[in-house]
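As structure tokens, the structure follows; a few thoughts come after it.
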Amino acid sequence: MNVRRHRGIIWRWASLGLDEDDSPDLQLKKSVMTIVSTSIASLAIFWGSLYIYSGYPWAGAIPLSYSLISLSSTLHLLILLLPFLLMWRLGGFANGSVVMIWGFFAPLAALFFIDLKAAARWMLAYIILLSFSAIFDHHFATLARQMPATLNTVYFVMNTGCGFTLIALALYYFVKDRERAYEQLRQNEIHIRELMLTDPLTGVPNRRHLDNRLAMELSRQTRYGQPLAIIMTDIDLFKRVNDSYGHAMGDKVLRDFAACLQENIRESDFLARFGGEEFVLLLPNSTEKEAQTMAERMRSAVKALHFEIPSLHITSSFGVTLTRQGEDMSAVLDRVDKAMYMSKTRGRDCVTLLRT
């Protein structure tokens, strides 16, 4: 059985009794307590059977009866009381200390998986039972059949091993579930961030993302002195598209326009929707000539786009500029915007370079 299958069994086991309406925190608490209670019930059956087989029938009857209560998911004082019942029936501390490890489970589980107040109540009950046992220990010892020292040691080792195994299983589930919750939270944060920085219509970065990236590229240029080219483009007479063919078709034209631009840039370049039908491209480490060549290629690709309506054709105007060392973002965007509108005044469907 591989590790993944082992984990699947633990998850299914821990999920017994969970409700869909439970909060994640409550589901986790229920899951851990399910592991604890069903494990103790299983061990109670084992120890009860072992005590009966070893010649201690009354001591064995206690855990066997208790296992039925624990398996019914009733988590009350009997979980804490079981080790003391066994200890008393076996003859007090002298013979029954091998089972006392289970006395720590209730306050420990309450501390980890409920709250500090509940843990304090369980610990108080534990101290009361421990004090009662100490007071009447001599009386218990006179009533019980003496357990051989070797058998007492074997049981102690076995009981301790079972206890550590149960603790390991509970903590394993607790830690893994926390890791899964944190990973889900991290994925949600990444998804939310992507939504915040992505234009929902075209799927390309939005204005917020553009501002962040442009600020980073300008800072990089100031530090390393590498050229940075910027292109601004929009669809010529886009309002006519919406008026003639409807906004649904206008949205499709915008999506196809953005996809066409995206297909014609390099991996290191950055495309964002600036607003409306306007898009901005950042071309790090690019010269004027390289930026003009790319803009011309995109202009031709846009002009060649075909739509399901044969009469629908679009063109686009482009503005190109290079940034200056230490220039701020608004000055760069104003200049490239001016270059694009120079293309409009020249008759549209062209590329204009505006030097710094």
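Read-outs: derived from the displayed coordinates by stated rules, not from any lab. As the structure is a computational prediction, the values presented were derived from the model and not from experiment. Don't worry about glycine lacking a Cβ; one is built from the backbone with ideal geometry, like all the others, and counts go over all protein chains shown.
For region 174-279, a crude dipole built from +1 on the beta carbon of Lys and Arg and -1 on the beta carbon of Asp and Glu, taken about the Cα centre, is about 380 debye to the nearest 20. Judged by the mean number of other Cβ atoms found within 10 Å, the most tightly packed of the peptides 342-351, 286-295 leads the ranking 286-295, 342-351. Taking Cα centre as origin and charging only the Cβ of basic (Lys, Arg, +1) and acidic (Asp, Glu, -1) residues, the dipole magnitude of region 245-284 rounds to 60 debye. Per-residue packing, averaged as other Cβ atoms within 10 Å, sorts the ranges 217-229, 233-245 into the order 233-245, 217-229, beginning with the highest.
Size of the dipole of region 263-342 about the Cα centre, Lys and Arg at +1 and Asp and Glu at -1 on the beta carbon, nothing else charged, in debye to 20?
In total the dipole reaches around 200 debye.
Using Cα-Cα distances under 8 Å and only pairs 6 or more residues apart, what relative contact order does region 279-337 have, in percent? Write down the numbers at each step before the final one.
Numbers: 31 pairs, mean separation 17.0, N = 59.
Answer for region 279-337 is 29 percent.
Seen from R266, the other residues with C-beta closer than 13 Å to its C-beta sum to a net charge of -3, counting Lys and Arg as +1 and Asp and Glu as -1. Look at the dipole of region 303-356 built from charges on Cβ: of M329, Y341, L312, the Cα furthest out on the positive end belongs to Y341. Counting Lys and Arg as +1 and Asp and Glu as -1, what is the net charge of the other residues whose Cβ lies under 11 Å from the Cβ of N285? The answer is -1. Positive end of the dipole of region 218-262 (Cβ unit charges, origin at the Cα centre): among Y245, Q226, A259, the Cα lying farthest that way belongs to Q226.
Here are some pairs, K252/K289; K239/K289; K303/K344; which of them have Cα atoms lying more than 22 Å apart in this structure? Display every interim value, and only then the final one.
Values: K252/K289 32 Å; K239/K289 32 Å; K303/K344 15 Å.
Violating the 22 Å limit, Cα to Cα: K252/K289; K239/K289.
DSSP loop trypsin sites (Lys or Arg not before Pro) in region 243-288 with at most 14 other Cβ atoms within 10 Å of their Cβ, which ones?
Details: sites: K252, R255, R266, R273; in loops: R266.
Sites meeting the loop and neighbour criteria: R266.
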